[in-house]
1. Pop out the carbon and sulfur fraction of the accessible area of the stretch 206-287 as a percent, whole number, probe 1.4 Å.
2. Report the full-extension gain for the segment Asn144 to Ser185: residue separation times 0.36 nm, less the Cα-Cα distance, to one decimal in nm.
3. With a point put 7 Å past each Cα toward its Cβ, work out how far Ile196 is from Thr137 in nm, to one decimal.
4. Sorted from largest down, give the three principal axis spans of the alpha carbons of the stretch 128-225, whole angstrom values.
5. Hey, quick one: spin label on Thr88, modelled 7 Å out along Cα-Cβ, who in the stretch 175-189 has an amide N within reach, i.e. under 20 Å?
6. Beyond a 32 Å Cα-Cα separation, which of these cross-linked pairs lie in this structure: Lys197/Lys256; Lys173/Lys197; Lys169/Lys282; Lys73/Lys256; Lys50/Lys271?
7. Taking a point 7 angstrom from the Cα of Ser48 along the C-beta vector, which residues in the stretch 144-166 have backbone N less than 14 Å away?
8. Full extension from Lys157 to Val255: what is 0.36 nm times the residue separation minus their Cα-Cα distance, to one decimal in nm?
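The values are calculated or read from the model by the stated rules, or taken from the named source; none is laboratory data. Since the structure is predicted, the reported quantities are computational estimates derived from the model, not experimental observations. Because the Cβ atoms are built from the backbone with ideal geometry, glycine has one as well, and the counts that use them run over all protein chains shown. Surface areas here come from the heavy atoms of the whole protein model, side chains and all, with no ligands, DNA or RNA. Shrake-Rupley method; radii C 1.70, N 1.55, O 1.52, S 1.80 Å.
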Amino acid sequence: MKLKLFILGITILSLSASCEKKMDYIFDESPTDRLNASVSNVYSTLQSNKDGWLIKYFPSSALEFGGYTLFAKFNNAVDVTIEGDFTTLAAQNSTYTVVPGAGPILTLDTYNRIFHYFALPGYFNRSSSYFLPGFVTAQLGAINEGMKGENDFLVTKVSADSVVMEGRKSYNKIVLLPIKSSEASSIVTTYRSAIIKFHAFSNYKFEVGTESIPATFATALTKRALLIAGNTKPYSYRYTPTGLDFYTEYDVNGVKFRELKYVEPTGTYIKGYFTNDAGTIKLVPQS
């Protein structure tokens, strides 16, 4: 019996050594070294574009508040400057860090009046002390939750063309796109002008073929997510200079869409309408 146990022990040790050798062969660096390298890559990529990054930000896993466009410049390995399309408040400075975790974790670790507005409980965002000029001046969300924003994001993809993150609470996908030098001086103004134009619309309906489907706002105060009868999940979107950019691909009566571009008023569409490239669906404001 002892001999059998001895042989079994030798076998297990041999297998372990074999696996360890295979791992050493497959990976030239330790997991810690690889993670630290990925953290450094995030830092260098964020700082590499001096004109900054456009951030497609959607707070809350339920997406009921819609999406917002932020503009961030990672000035060095500590400081970040943020502006928003939804407020006329001047750029706000704060700090950030990237730390190792399940992957690189980007954290905005000091208070930024624009970015952290989304994480304020309703008790605070209803207070005039926290209002943002040009945005809602009333409580948004539950008194203890607010818009359910967050501070920590798992970085899942890094390249010169984009940085993709995932909210650690909401699991929402957050995309950063590099701002081109040719548009850097005007991009914030352009996005804010789009909001002034499109945010005024209301009383929407979808038109698919001969069918007309009324749509209501999931949150009337923000007007960035739509609901239709029989669908409990909102169609959540950001305003862009060309129309509406949705969080993901949605479907209305079999017609799929991710972006709807605005068409100026023509004929019976006195407020204009939003449509996909194929023209198979229209989102029509009635007022």
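1. The value for the stretch 206-287 is 52 percent carbon and sulfur by accessible area.
2. Fully extending the segment from Asn144 to Ser185 adds 11.0 nm.
3. Inter-label distance under the simple model: 1.8 nm.
4. Taking max minus min along each principal axis of the Cα atoms, the stretch 128-225 gives 43, 38, 29 Å.
5. Backbone N within reach: 185-189.
6. Lys169/Lys282; Lys73/Lys256; Lys50/Lys271
7. Flagged as within label range: 157-164.
8. Gain in length upon complete extension: 32.3 nm.
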